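First up is the structure itself, then whatever we jot down about it.
Just so you know, all these numbers are worked out from the coordinates, no wet-lab data involved. As the structure is a computational prediction, the values presented were derived from the model and not from experiment. Cβ sites come from the backbone with ideal geometry, for glycine too, and all protein chains shown count toward neighbours.
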Amino acid sequence: MGKTETKLKAEIICVGTELLLGDILNTNAQFLAKELAALGIAVHHQWVVGDNEGRLAQLVGEALERSDLLVFSGGLGPTADDLTKETVARCFDDTLQLEPSVLENIRAYFAATGRHMPPHNEKQAMVPQKGGWFENHNGTAPAVWFQKDGKRAVLLPGPPSELKPLWTEQVRPFLAGETRRVLHSLTLRITGIGESHVEEQVGHLFENENPTVAIYAKTGEVQIRITARAASHEEGEVACRAYAEQFRAILGDVIYGEDTNDLEHTLVQTLAEKGLTVATAESCTGGLVSQRITQVPGSSEVFGFGFCTYANEAKHRLLGVSEATLATVGAVSRQTAAQMALGAARVSGADIAVSLTGIAGPGGGTAEKPVGLVYVGAARGDEVYVAKLLLGNRDRQSIRISAANRALDYARRLALGLPMPGADKLSAEELAQQKQAMR
């Protein structure tokens with residue numbers, strides 16, 4: 001290959017009727033896709049095909065027209081319906097022959113468990129004349145490879161306990177010689193704005209050959225994946241980070257993390273670094289925010305109180321929300337959200353408190369207070385903010401997740417002293433009024 005960059009195109013083909021029927025979870029495709037990407041080999045297609053010789057041969061023929069490398073899993077067993085090796089051999093104009101050393105390895109594998117090798121297992125000792133094979137130390141079927149006109153196929157056994165070590169120990173080093181490039185990626189995680197707004201601001205950065213950019217919309221957040229093709233992971237990391245700075249310059253602090261796990265991990269880490277604590281007061285989210293915080297290792301250092309105050313009585317008795325406020329403007333209101341946050345901070349002694357009250361549905365909404373209306377409160381000392389979210393008549397879980405994300409992000413922002421987009425800060429007069437109402 002010399003020093004020129006190779007851009008091998010690959011396809012993953014998983015063989016087995018049990019995969020098509022959903023009887024077995026296809027984890028091999030995910031594993032192989034990540035491994036090929038790490039080698040700088042672009043996976044353009046993934047396929048699942050049953051144990052049918054005609055359909056498999058058709059797929060192989062079509063794939064060879066498009067791609068340089070075909071990676072197979074499955075269909076290398078000893079039974080009559082295991083046809084992958086024979087079918088691919090014909091497509092590559094190769095012939096299978098019995099390899100004595102492989103046959104001896106299969107016999108030794110059976111002998112090690114006190115069993116006699118059935119005659120039909122000899123089929124697994126057939127290897128390509130023009131290609132080659134890799135010895136399987138964890139099973140009976142060796143991996144094999146074929147080559148024709150610059151195109152190559154690698155066939156791996158289906159059981160992950162055999163496929164993964166074969167790949168790691170032998171196939172990956174073998175394919176590493178096919179390219180002098182690797183792919184390195186980093187992911188920017190964004191919350192507070194939707195996919196369309198992200199694309200509106202930074203869409204022009206998506207049109208780039210290297211690094212490339214992809215955008216993914218999740219419930220309550222957006223992810224931007226930046227991938228660079230480079231001679232090494234170190235060089236790729238430099239390229240990705242340099243390109244990420246262009247996104248940061250435009251999007252600013254809506255990017256809450258880079259290659260981080262999630263928003264709650266980021267919050268716990270931020271609070272720990274700042275020496276701060278947080279408390280939660282939840283109604284419509286039913287403890288979701290506190291659950292997400294406490295699933296993070298080390299969260300006990302920054303989180304001690306989580307109030308799940310679904311009923312009005314709980315809001316009053318545990319947090320001190322005014323009965324008059326609940327009777328006049330209701331539980332789903334700006335005033336209640338503010339008092340819930342103030343009450344959580346006061347009772348817990350936490351530096352920061354966030355609150356949520358709203359209508360997650362389905363049903364229960366009115367014209368004035370529709371399903372998807374959520375108020376999020378956030379307090380740090382005498383700085384109290386409330387945001388009114390209109391999340392739409394979506395499913396209940398989506399509303400809860402989106403609202404929880406906003407509360408987690410507001411806690412992060414208060415810890416860092418960042419602006420609070422979408423939230424109004426209570427004036428000194430209004431703050432005094434809410435505190436007075438709670439007495």
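Annotations
- When the chain is treated as a Gaussian network with alpha carbon springs shorter than 10 Å, the biggest mean-square fluctuation among Thr140, Thr285, Thr168 belongs to Thr168.
- When peptides 416-428, 34-46, 343-355 are sorted by average Cβ neighbour count within 10 Å, with the highest value leading, the order is 343-355, 34-46, 416-428.
- Extension gain (nm, one decimal) between Thr219 and Gln58, 0.36 nm per residue minus Cα-Cα: 54.0 nm
- At 0.692 mPa s and 37 °C, Stokes diffusion of region 356-409 via Kirkwood alpha-carbon radius, µm² per second: 288
- Against the chain, whose longest principal axis comes from its Cα atoms, helix 428-437 is set at around 80 degrees.
- Judged by the gyration tensor of its Cα atoms, with axes a ≥ b ≥ c, region 1-136 is prolate; a/c meets the 1.5 cut and a/b is the larger of a/b and b/c.
- For region 55-93, the list of trypsin sites (Lys or Arg not before Pro) that fall in a loop by DSSP and count at most 11 other C-beta atoms within 10 angstrom is empty.
- Quotient of Cα Rg and 2.2 N^0.38 Å for region 84-146, N being how many residues it contains: 1.12
- Antiparallel bridge percentage (DSSP; both residues within the chain; nearest 5): 65
- P(r) histogram, all alpha-carbon pairs of region 1-74 included - 5 Å bins from 0, percent: 3, 16, 26, 21, 18, 9, 4, 2, 1, 0
- The modelled label-to-label distance for the pair Ala80/Ala111, using points 7 Å beyond Cα in the direction of Cβ, is 3.1 nm.
- Full-extension gain in nm, Glu235 to Ala324, via 0.36 nm per residue minus C-alpha separation: 25.8 nm
- Fluctuation leader among Thr17, Thr191, Thr357 - the chain, Gaussian network, Cα springs under 10 angstrom: Thr17
- Whole-Å semi-axes of region 135-228's equivalent ellipsoid (Cα gyration tensor): 39, 18, 10
- Here the extension length gained between Asn208 and Glu245 equals 11.8 nm, from 0.36 nm per residue of separation less the Cα-Cα distance.
- Its Kirkwood hydrodynamic radius, worked out from the mean inverse distance over all distinct Cα pairs, puts region 311-436 at 14.5 Å.
- A P(r) calculated from all alpha carbon pairs of region 189-314, with 5 Å bins opening at zero, reads 2, 10, 16, 16, 15, 13, 11, 8, 4, 2, 1, 0, 0 percent.
- The chain: relative contact order in percent, alpha carbon pairs under 8 Å with at least 6 residues between: 11
- The ellipsoid equivalent to the alpha-carbon distribution of the chain has semi-axes of 58, 24, 19 angstrom, derived from the gyration tensor eigenvalues as √(5λ) and listed largest first.
- The angle separating the long axis of helix 53-66 from the principal Cα axis of greatest extent in the chain is about 70 degrees.
- Over region 32-156, relative contact order from alpha-carbon pairs under 8 Å, at least 6 apart, %: 25
- For the chain, the 222 nm mean residue ellipticity estimated from helices alone, with every DSSP H stretch of n ≥ 4 adding -39500 (n - 2.57) and the total spread over all residues, rounds to -11500 deg cm²/dmol.
- At R0 = 41 Å, FRET efficiency that the Cβ-Cβ distance of Glu273 and Glu199 yields, to 0.05: 0.80
- Applying a threshold of 27 Å to the alpha-carbon distances of Lys164/Lys218; Lys9/Lys123; Lys369/Lys425; Lys9/Lys164; Lys315/Lys425 flags Lys164/Lys218; Lys9/Lys123 as lying beyond it.
- Taking Cα atoms only, the orientation of helix 396-416 departs from the longest principal axis of the chain by about 70 degrees.
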